[in-house]
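Student: This structure is in structure tokens; I'll ask about it shortly.
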Amino acid sequence: MLDPFPIPAPPALANFIRPFADFFHFTVLPLHIHELIFAFLFYTCVNLYFAPWISSRLFPRVYAGFNKRTRLNWNVHVVSFVQSSLINTFALWVMWVDKERAAMTWSEKIWGYTGASGMIQSFAGGYFLWDLCITSMNVHIFGWGMLAHAVSALFVFSLGYRPFLNFYGSTFILYELSSPFLNVHWFCDKLNLTGSTVQLYNGMALLFTFFCSRLVWGSYQSVRVFYDIYRALTSEMRDVPIDWAAKPSLNPDSDIMRFAGNRAMPMWLAVTYLGANIILNGLNWVWFGRMIETVRKRFDPPLGTKGTKKAAKEEVLVEGVDVETDTDGGAEGVPIHVSGKEDINLARGIDAVGRRSVEIEKREVRSRRKA
């Protein structure tokens, strides 16, 4: 399937990026550089203009009360919501209508290329490039872990420009099916909807989509890509005469394989990709367990843990206090969820201040009586 993006890459832009593409062996990058730049600029505009505009109109009092850190996090979550909704729609559409992609053999899944899959690769890459920039500029807020995640995601999706596993770009981007619900869950906490019916149903949808898209679908597709790479590493196809008439899909001159080159599989490439895949899948299982606990802390027993000793140790709810946490801040009148020993000490300190104030008032009353 040809690239469905309505505008082809401008020749001047393609020629400008070609030396960079040749150096890093990104053979098809010149064909999609305009899509990569378009996606990067689009998400930048969403962050700088659309997110503040729509938030100020939908939630004027809440958004205006956010401090700088919380407002940055809010805008980033808006970008994430828009991106995940768009890229999921594009990927599902391409997987449904791209007949060439659906008929690919294992070798074409490794070295093959279609324009539609290249477009998905570019829109995902544009977002991860934006994510890398925003995280780098605010690493003190998002942390080094998020920066490492941005670098890894951009690197893995850039491999599709070799092309390498271009087929699996649309497959693994469906991890993002759970992201819209994750962002809505975050918004609920900032809009004082913690424990509400909206958050309950959204939490159920979040856990369901996360489990299906990342754990079931993601693990299954990881097994498939592992097997395809194993076949590529152990295949002696290049040393055996092939009847191209009987196996036209393996013809290096076919449309799908026109950028395949000699179809060599560097060991570093296989190890790097598989290692990143294993790490991301492992993180998905860890995150799923934490997400279950996070959702349960918003609701009462028996399904939830709100109000129990376990929840009290893990999370302290502070209302009406303008403080900043490790990942985001809050605004006056907005519940802030903080956890850890430092935050428990903070809550204890607030309680101690309250008790101190009561003691002072009692002393004043006694002094008046004596007078």
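The values are calculated or read from the model by the stated rules, or taken from the named source; none is laboratory data. Note that this is a predicted model, so its numbers are computed, not measured. Here the Cβ is made from the backbone with ideal geometry for all residues, glycine too, and neighbour counts use every protein chain on show.
Student: Only one of 142, 123 is in a helix (DSSP H, G or I) and modelled with pLDDT under 95. Can you tell me which?
Tutor: Exactly one residue qualifies, and that residue is 142.
Student: Residues of region 23-49 being farther than 18 Å from residue 129 by Cβ and either touching a helix residue (DSSP H, G or I) at 6+ places or on another chain (Cβ under 9 Å) or not assigned by TED's automatic domain parsing to the domain that holds residue 77 (or both), which ones?
Tutor: 25, 27, listed by residue number.
Student: Now for a separate question. Residues in region 209-231: is at least one at pLDDT below 90 and either aliphatic (A, V, I, L, M) or surrounded by fewer than 12 Cβ atoms within 10 Å (Cβ to Cβ) (or both)?
Tutor: Checking region 209-231: not a single residue is at pLDDT below 90 and either aliphatic (A, V, I, L, M) or surrounded by fewer than 12 Cβ atoms within 10 Å (Cβ to Cβ) (or both).
Student: Quickly run through region 157-176 and pick out the residues that are among the aliphatic types (A, V, I, L, M), under 14 Å from the mean Cα position of the chain (by Cα) and crowded, with 21+ Cβ neighbours inside 10 Å.
Tutor: Within region 157-176, 173 is the sole residue that qualifies.
Student: Then there is this: So which of 80, 85, 107, 55 ends up being surrounded by fewer than 19 Cβ atoms within 10 Å (Cβ to Cβ) and in the same structural domain as residue 228 (by TED's automatic domain parsing)?
Tutor: Answer to the selection: 85.
Student: Can you tell me which residue among 291, 257, 265 is surrounded by 15 or more Cβ atoms within 10 Å (Cβ to Cβ), modelled with pLDDT under 85 and part of a loop (DSSP other than H, G, I, E, B)?
Tutor: Just one listed residue meets the conditions, 265.
Student: Where in region 13-90 are the helices (runs of 4 or more DSSP H), entirely inside, with at least 3 residues that are under 30 Å from residue 3 (Cβ atoms)?
Tutor: In region 13-90, the matching helices (runs of 4 or more DSSP H) lie at 29-45.
Student: Against the conditions (1) surrounded by fewer than 16 Cβ atoms within 10 Å (Cβ to Cβ); (2) modelled with pLDDT of 80 or more; (3) more than 22 Å from the chain's Cα centre (by Cα); (4) not in a loop (DSSP other than H, G, I, E, B), where does residue 238 fall short? Just the number, please.
Tutor: (2)
Student: On to the next question. Determine the pairs where a residue that is under 16 Å from residue 194 (Cβ atoms) and assigned by TED's automatic domain parsing to the domain that holds residue 200, located within region 286-303, has a partner that is among the β-branched types (Val, Ile, Thr) and at pLDDT 80 or above with Cβ atoms under 6 Å apart, the partner being 6 or more residues away or on another chain.
Tutor: 298/194
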